[in-house]
Amino acid sequence: MTAAASQTASTPLAPPGSLRRSVQLFRAFRLEQSRPEVFYGLLARDSVREVGRFLDLDGATVVDVGGGPGYFARAFESAGARYAALDADAGELGAVGEPGANTVQGSGMLLPLATDAVDLSYSSNVLEHVRDPYAMAAEMVRVTRPGGIVFLSWTTWFSPWGGHETAPWHYLGGRYAADRFARSRGRRPKNDFGRSLFATHAGRLVRWARTTSDAEVVAVFPRYHPRWAHWVAKVPILREVAVWNLVIVLRVH
């Protein structure tokens, strides 16, 4: 573990649902590009705590769809879970060293897992990077056992960070924002609209979740907001802009 990662692991988490937690996460988010181990290490521990509200992780089998370089592995394993990560990008899997034995390369839209294979299917900030987020969500439901949990979290398109590193120009169009980035930086953005970034909206995914016959919606809330501000996720149009990152939790039938 790096010194930065070790420091992150020892940093106390702010109380759940508090404004202090929101501030802590947003401050860490500023390091997402320069020191990803700091942000994702903190986010991983916070996420495990959030997931623990819906499922006992001790002994649970977890697949992290889009798990990338494994920042979340230590946090889930520390909670007693049997953790495996899947990512479509081999470069992401090896971004911080050799991929572990519990990682596999594959598509989130066609998971290489048996039906009813895991207790928790988890995904953080991946849906906006796949061409068919509904197919990925349906696959996550498929591989989760009855009574298990699907935890989906992603950056909504019309939020301030919807265009990722091309924001806020994505409000003028995703392709325009990506092309503008390329002209100014001399390279295409990592999150290139139409290739590795897509417009994924809150309302459409919530409607999908509420109409799927294989699971029921347990919770819908903004990931980074304090609990007293969770109401914004219930307001159409407003939630597209104000939520920033939306969580949908489903329990599989």
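The values are calculated or read from the model by the stated rules, or taken from the named source; none is laboratory data. It should be emphasised that the depicted structure is a prediction, and the values quoted were computed from it without experimental measurement. Positions of Cβ are backbone-derived with ideal geometry, glycine not excepted, and every protein chain shown enters the neighbour counts.
Observations, loosely collected:
- Of all the residues in segment 34-67, those that are among the basic types (Lys, Arg) and part of a loop (DSSP other than H, G, I, E, B) number 2.
- The listed residues are LEU86, LEU55, and the only one of them that is within 30 Å of GLU139 (Cα to Cα), in contact with a Pro (Cβ under 9 Å, 6 or more places away or on another chain) and touching a residue at least 24 places away in the same chain (Cβ under 8 Å) turns out to be LEU86.
- Condition met for SER159 (out of contact with any Asp or Glu (no Cβ under 6 Å at 6 or more places or on another chain), in a strand (DSSP E or B) and under 25 Å from LEU43 (Cβ atoms)): no
- Set side by side, the residues SER22, SER10, SER107 differ, and just one is at pLDDT below 85 and either more than 23 Å from LEU246 (Cβ to Cβ) or surrounded by fewer than 22 Cβ atoms within 10 Å (Cβ to Cβ) (or both), which is SER10.
- In segment 1-27, the residues that are under 18 Å from SER78 (Cα atoms) form Cβ pairs under 9 Å with partners that are modelled with pLDDT under 95 and aromatic (Phe, Trp, Tyr), at six or more places apart or across chains, as follows: ALA5/TYR71; THR8/PHE39; THR8/TYR40.
- Pair list, Cβ under 9 Å, 6 or more apart: segment 172-191 residue farther than 14 Å from GLY162 by Cα, other residue aliphatic (A, V, I, L, M) and loosely packed, with under 13 Cβ neighbours inside 10 Å: ARG180/LEU172
- Subset tally (residues that are of a type in the set (A, V, I, L, M) and outside any helix (DSSP H, G or I)) for segment 211-239: 7
- Filter pass, PRO146 being in a loop (DSSP other than H, G, I, E, B) and either under 24 Å from GLY66 (Cα atoms) or aliphatic (A, V, I, L, M) (or both): no
- Whichever residue in segment 240-253 is under 16 Å from TRP208 (Cα atoms) and not in a strand (DSSP E or B) and, among such residues, is nearest to the chain's Cα centre (by Cα): GLU240
- Subset tally (residues that are without any contact (Cβ under 8 Å) to a residue 60 or more places away in the chain, within 16 Å of ASP87 (Cβ to Cβ) and in a loop (DSSP other than H, G, I, E, B)) for segment 108-136: 5
- Candidate set: segment 113-161, residues that are buried (at least 20 other Cβ atoms within 10 Å of the Cβ) and in contact with a Phe, Trp or Tyr (Cβ under 6 Å, 6 or more places away or on another chain); chosen: the one farthest from ALA242 (Cα to Cα): ILE149
- Residue in segment 222-238 that is of a type in the set (Phe, Trp, Tyr), in contact with a helix residue (DSSP H, G or I) (Cβ under 9 Å, 6 or more places away or on another chain) and crowded, with 17+ Cβ neighbours inside 10 Å present: yes
- For ALA233, the stated conditions hold: it is aliphatic (A, V, I, L, M) and closer than 21 Å to ARG20 by Cα.
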